[in-house]
Each structure stands twice: as structure tokens, then as C-alpha cells.
1. Quickly estimate the mean residue ellipticity at 222 nm for the chain, helices only: each DSSP H run with n ≥ 4 gives -39500 (n - 2.57), and the total goes over all residues, rounded to 500.
2. Quick check for me: using +1 on Lys/Arg Cβ and -1 on Asp/Glu Cβ, what's the dipole size of segment 59-199 about its Cα centre, in debye to the nearest 20?
3. State, as an integer percentage, the relative contact order of the chain based on alpha-carbon contacts under 8 Å between residues 6 or more apart.
4. Give me the distance between the Cα centres of segment 143-188 and segment 8-75, rounded to whole Å.
5. What does the extension gain come out to for Gln104 and Gln23, with contour length at 0.36 nm per residue minus their alpha carbon separation?
6. Set Lys and Arg Cβ to +1 and Asp and Glu Cβ to -1, take the dipole of the chain about its Cα centre, and tell me which of Ala184, Pro123, Leu84 lies farthest positive.
7. With the crude spin-label approximation of a point 7 Å out along Cα→Cβ, what separation in nm comes out for Ala42 versus Glu133?
8. Taking a threshold of 30 Å on the Cα-Cα distance, which of the pairs Lys17/Lys195; Lys127/Lys195; Lys51/Lys87; Lys87/Lys195; Lys9/Lys162 fall above it?
Amino acid sequence: MAQTDSEMKIRILHAAKKLFSEQGFDGTSVRQICEEAGANVALVSYYFGGKEKVFHAVFDYFFPGRRMQQYEETLNQPVEGLRLIVKEIILFSMTDTELSGIIQQEMIRRSPRSDTIRAITFPVWEKVRELLEKGRREGVFRFESLDHTFMFIIGVALGHKKFPHFEPIMSVTESNPQWMADHAVDFIFKALEVKEQET
């Protein structure tokens, strides 16, 4: 049965995400992407216009932060908005290890695509800062430095990605993303002195 254009494009995106994660953007060729996807090598140019545009398309298709507008009502509430974002960041970083790995690689290397990564991910982090500021104004969050508090939250949200590295010295040998996300939110809310009825 012949595949539709849409199905083939998605196969190419899955293949690119896998290979960019394993080999890096520079270490991955268009030919390798097409071989992984079972696609004719000309289709990357036909559908996307080249490897760089495939990179952008991978984020357009897979990055969950692109869908923030669907949760606009929740994201206007400091407690529920922060809860949602922290949980989603942890679930994303632990369940889509390919895409979160690409983000990490590109930022660590300060690659030419770092600005693209910032443009894609910063709206999520800007929303975290906005929620912290709003929550402090409304008296539901208590903290001294916005910058330090923001960095602590980044550390808690992204630290779970390193679980496999530290697994040999952990008392729990299996990571449960949902449990870790819930526990991280509880930890953050205790630090922000969120009252029980507000959580």
C-alpha cells in the first residue's frame, strides 16, 4: 500500500529526530535520514528544502511547548500554571529523550542552531518567570530573588533527565516520570511556601 505524503513526511521527521539525537546534527547526513525512513533521498529537499529545515520541522512537530496556547486559561493561574509547566517539562525530558537530548547537545555545543533552540524553548521558560512574578504579586508564592528562584526551578525540572546516570547509587532503580513530576512540584511548592489549599 502506497504511503501518503503526510505519512512519509512524518517518517522522515521520526528518522531525523532519532539520528540527530544519536549522531548530532553535523554527524547526520540527508542520505542517512532517508535510509532510516525508507525514503528516496530527494524527498528531504522536496518536502522540507534541506537538512536545516528538517531540524526546524522536527521541533515544530514534536516539541510540546508549541501547544501552550491550548492551556491559556490554566497558564494564567500562578499555582496551576506552574504545576502544569513543571510536570510537562519533566515528562517531556524523561519520555522524549531523543528531542530533549538534541536540545541539550545543541546548547552545550553552542552550535549555530542554539538561537533556534532558544527561540523554541524560551517561551516556556518566560512563562515560568511570568507565573513566578504574578504569584509573588498575588501573595501565593514567597521568595526573595526571582532570578535565583527561576534557576532553582530549572534545576529541579531538568535534573530528572540525569536519573539514568545516577541510577547505580539510587535507592529506586526504576524512574517513574509521573511520580517524579508530582514529587518535583511538591518540592517546588514547599520552597515557594504555597499554602495547602492553594495546591
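The values are calculated or read from the model by the stated rules, or taken from the named source; none is laboratory data. This one's a predicted model, so the numbers in the text were calculated from it and none came from an experiment. Glycine also receives a Cβ, built like all others from the backbone with ideal geometry; neighbour counts cover every protein chain displayed. Only protein heavy atoms, including side chains, enter the accessible area calculation; ligands, DNA and RNA are left aside. Shrake-Rupley method; radii C 1.70, N 1.55, O 1.52, S 1.80 Å.
1. Numbers: 10 runs with 133 residues, N = 199.
That calculation yields -21500 deg cm²/dmol at 222 nm.
2. Numbers: 18 positive and 22 negative charges, 77 e Å.
In debye, rounded to 20, segment 59-199 gives about 360.
3. Values: 166 pairs, mean separation 43.9, N = 199.
Result for the chain is 22 percent.
4. The distance from the Cα centre of segment 143-188 to that of segment 8-75 comes to 28 Å.
5. Net length gain for the segment: 27.8 nm.
6. Of the listed residues, the answer is Pro123.
7. That separation, rounded to one decimal, is 5.2 nm.
8. Values: Lys17/Lys195 41 Å; Lys127/Lys195 22 Å; Lys51/Lys87 32 Å; Lys87/Lys195 19 Å; Lys9/Lys162 32 Å.
From Lys17/Lys195; Lys127/Lys195; Lys51/Lys87; Lys87/Lys195; Lys9/Lys162, over 30 Å: Lys17/Lys195; Lys51/Lys87; Lys9/Lys162.
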